[in-house]
1. Just the number: Rg to Rh for region 101-204, Cα atoms, Kirkwood Rh, two decimals.
2. Testing the spin-label approximation: label points 7 Å from Cα along Cα→Cβ at Met148 and Ala128. State their distance in nm.
3. From the phi angles alone, apply the Karplus equation (6.51, -1.76, 1.60; θ = phi - 60°) to region 31-46 and give each ³J(HN,Hα) in whole Hz, x where the residue is Gly or Pro.
4. Residue by residue through region 162-167, which ³J(HN,Hα) values in whole Hz follow from phi under the Karplus form 6.51 cos²θ - 1.76 cosθ + 1.60 (θ = phi - 60°), with glycine and proline marked x?
5. Name the long-range amide H neighbours of Gln93: under 5 Å, sequence gap of 5 or more, or other chain; modelled H, no Pro or chain starts.
6. Would you mind computing, in nm to one decimal, how far apart the modelled labels at Asn190 and Gln178 are, each placed 7 Å from Cα along Cα→Cβ?
7. Apply the Karplus parameterisation 6.51 cos²θ - 1.76 cosθ + 1.60, with θ equal to phi minus 60°, to every residue of region 138-152 and state each ³J(HN,Hα) to the nearest whole Hz, in sequence, with x for glycine and proline.
8. Could you work out how much longer the chain between Ile64 and Cys86 gets when fully extended? Use 0.36 nm per residue separation minus the Cα distance between them, nm to one decimal.
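FYI, it's all coordinate maths here, none of it is from the lab. Nothing here was measured: the structure is a model prediction, and the numbers come from that model. For neighbour counting, all protein chains shown are included, and Cβ atoms are generated from backbone atoms with ideal geometry for every residue, glycine included.
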Amino acid sequence: MAHEQGVPIADVAESGPGLAFIAYPQAIAMMPLPQLWSVCFFIMIIVLGLDTQFLAMEVVLTSIMDMFPKQMRRAGQRERFLFVFCLFCFFSQLVVITEGGMYVFQLLDHYACNGACILFLCIFESLALGWLFGAQQLFDIIKDMSGMTANWFFKLCWCYLTPLLSLTCFICSLVWYQPLTFNRSYTYPNWAHVLGWGMALSSILFIPGWALYKVATGTGSLRERLIYLCRPDPGFTLTRKGEELGVCEEAKTRLS
């Protein structure tokens, strides 16, 4: 494509929607049987989008069900909530298909789904998993569920490699940050950048915000509250151990 247009490769298309809906279709049109490959390509795009939506919906739905188990586990409550949530997402995203929707889409893609937010979440998730919950305890869970012992390399990744690499990439993304532009010509106004950073911080601030809330509403001294919050659930038991304890308790009840 760069040879056909007589431009450098970097100028053919930039990352974003133009790469998927302009550059790739043009490249497919130059291949043998372009109609067949075009149908396959856009079917792949549709299936990929549906798969992504299924994952996003399940994450939100499962989190809410875990937070409100009594209300959400009633008959039909899950389906009703999912229907309302899908309607909300559908109507809120209609703005993306308007005449200026591409500007909104680029703003959402750059700030709400950018690498800095994902890396920030990855840092805290890996620290919570490897150090607070405990890598060894996670090893025991894997062995309890599958009967297989995980490789020691996973423990190295959970405790050291993943947090360090995520922190390094997060710092680099902030140091080399560049303001958002559209089509290499349109510069977004300042209020759009403020709105974008607000969307980005909406997912990040929940981590320190929830931590401060739990510390403020806990009992005991500050040190006791921090120690209590930075440890796994003391009532947690592995599946097989829990079943064995349940069988023992049932046997004792019958004998008595």
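1. Details: Rg = 18.6 Å, Rh = 16.0 Å.
For region 101-204, the value is 1.16.
2. Between Met148 and Ala128, the label points sit 2.7 nm apart.
3. Listing the rounded values in order: 8, x, 6, x, 5, 5, 5, 5, 4, 4, 5, 6, 5, 4, 4, 5 Hz.
4. Using θ = phi - 60°, the values come out as 5, x, 5, 5, 5, 5 Hz.
5. Close amide H contacts, sequence-distant or interchain: none at all.
6. Modelled inter-label distance: 2.3 nm.
7. With coefficients 6.51, -1.76 and 1.60, one gets 5, 4, 5, 5, 4, 5, 5, 7, 10, x, 10, 8, 5, 5, 5 Hz.
8. Details: separation 22, 0.36 × 22 = 7.92 nm, distance 1.45 nm.
Residue separation times 0.36 nm, minus the Cα-Cα distance, leaves 6.5 nm.
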